[in-house]
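The structure appears right after this line, and notes come after that.
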Amino acid sequence: MKHSIGSYPRVRVRDDGRQAVSQAGSVLLVETVRKTGLDQAVSAALAPWRKPRAVHDPGKVLLDVALAVALGGDCLADVAMLRAEPAVFGPVASDPTVSRLIDALAASGEKALQAIRSARSEVRDRVWSLAGENAPDTGGQVVVDLDGVLVIAHSDKEDAAATWKKTYGHHPLTAFVDHGPGGTGEPAAALLRPGDAGSNTAADHITTAQLALAQLPKRYRRGRQTLIRTDSAGGTHDFVSWLARRGRWLSYSVGMTVTEAIHEHVLKVPASAWTAAVETNGEVRDGAWVAELTGKLLDGWPKGMRLIVRKERPHPGAQLRITDADGMRITCFATNTAGRPIAELELRHRLRARAEDRIRAARATGLRNLPLHTTAQNRVWLEIVQIALDLLAWMPMLALTGTARLWEPRRLRLRLFTAAGQLVTTGRRRILRLARHWPWTGHITAALDRLALLPNPG
């Protein structure tokens, strides 16, 4: 009787396969590009950068890099994995051609960045229309979360500097559109800043908010139906005044630093004024209460601002701060939303934590580091990362259902994009056959069927 040696079967490997396709599941992203018209929009936007007699379209080159990043790449050279599968991705430019395009776009500065952003904004409007009830504006309100990201630099790059966390690198400020509990989120803006940039710089928050609003459909670029959420870094006079300015009328929910004056008012709040905080399921949040502060604290702030404070029993092992009171962790935020219970508003503000999930997804999609040397080049790289994140948000929104819509990039790659296939040519058709035994093949084929039902662009 023979006994197997080791825990895994022995497989003989040969390199003579001709019709096998790796990353076959990435046809989901390719089909998303085609159905949303992203390829046409980016190609039209970058037409001024196409040189006479050029073989490769600049828009296609940029999208190829974005697809490589969406599939897990973290540098320009990773576009090679697309070049190896021309049957799926078509002709892909060489590494020198890609580098020359990035240099050309970087040399054009804001003009090139604006062209890419305009194309993304145009396509986003179409995607939200195609998504129907799955679009982030289904409830009549669009939520944009602003948050900073620390990107570590392991070599000497332009504008890299010591950060407030004693690391070395850059400190971009990002904005994400929240898809709510039934989805993930998509990037709206990313402002590249030096590592020593301040966390609560109002000018940077205003610039990022302007870039984010320009990405939304026109009907959401002003008015109460657009909510801007930030942590306490956004709780400055200049930024809140900009949000509430007459004619802009944006809704906001921004964290506030607990100052000594706020701390003194919290100590004077009577027990009867505290309301139990709530969870997302409507149940009472254990050990947490909210109250609204009024009086002189609001002097100098825009009219209609409400100041809401929460006290909560700290988690075991949590260290209290000097601004905490009576053994309770104190946090505070400001909003201009009227006519809603403060517990509901506090829950809405607490859901800003979903921005951390978006940042984690961005780190796994090209934002782990900035691969290029100059700031101008890395600004182009940030636009590429945002296109990749757009595709990773739009594909689930348009094609996936149930819990699969909540899958983050790592899981999408592991279960869907890495699925292998076999390319079969019959007549004039090319058919990609996926492995029937792969547990998530059904997700891929069902998603492709949903994408096929969408109308072709233009």
Spacing of the two label points (7 Å from each Cα toward its C-beta) at Ala47 and Cys75, in nm: 3.6
Net charge dipole size for the chain [Lys, Arg +1 and Asp, Glu -1 on Cβ; Debye, nearest 20]: 1260
Per principal axis, descending, Cα span of the chain in whole Å: 79, 69, 45
Average Cα contact separation per residue, the chain, under 8 Å, 6 or more apart, as relative contact order %: 21
Subset of Lys60/Lys218; Lys165/Lys268; Lys60/Lys166; Lys35/Lys218; Lys111/Lys303; Lys111/Lys218 violating a 29 Å alpha-carbon distance limit: Lys165/Lys268; Lys60/Lys166; Lys111/Lys303
Positive-end residue of Ala419, His170, Val240, charge dipole of the chain with Cβ unit charges: Ala419
The chain: angle of helix 95-108 to the longest principal axis, Cα-based, in degrees nearest 10: 40
Solvent-accessible area of Glu344 with every protein chain in place, 1.4 Å probe, in Å² to the nearest 10: 80
On Cα atoms only, tilt of 202-215 relative to the major axis of the chain in degrees: 50
Where only C-alpha atoms are counted, convex hull volume of region 175-233 per residue in Å³: 108
Heavy-atom accessible area ranking, 1.4 Å probe, most first, across Leu448, Leu28: Leu448, Leu28
Centroid-to-centroid separation of region 417-458 and region 266-304 [C-alpha atoms, Å]: 52
Rounded percent of accessible protein surface that carbon and sulfur make up, the chain, 1.4 Å probe: 52
The chain - accessible surface per residue (Å², probe 1.4 Å): 49
Computed label-point distance, nm, for sites His263 and Glu133 using a 7 Å Cα→Cβ extension: 5.0
Whole-number percent relative contact order across region 232-350, with pairs defined as alpha carbons under 8 Å at least 6 apart: 30
Rounded tilt (10° steps) of 27-36 against the dominant C-alpha axis of the chain: 70
Radius of gyration, Dmax [region 232-350; alpha carbons; angstrom]: 14.3, 47
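The values are calculated or read from the model by the stated rules, or taken from the named source; none is laboratory data. Fair warning: this is a prediction, and the values are worked out from it, not measured in the lab. Cβ: placed from backbone, ideal geometry, glycine included. Neighbour counts: every protein chain shown. Calculation scope for accessible area: heavy atoms of the full protein, side chains included, ligands and nucleic acids excluded. Shrake-Rupley method; radii C 1.70, N 1.55, O 1.52, S 1.80 Å.
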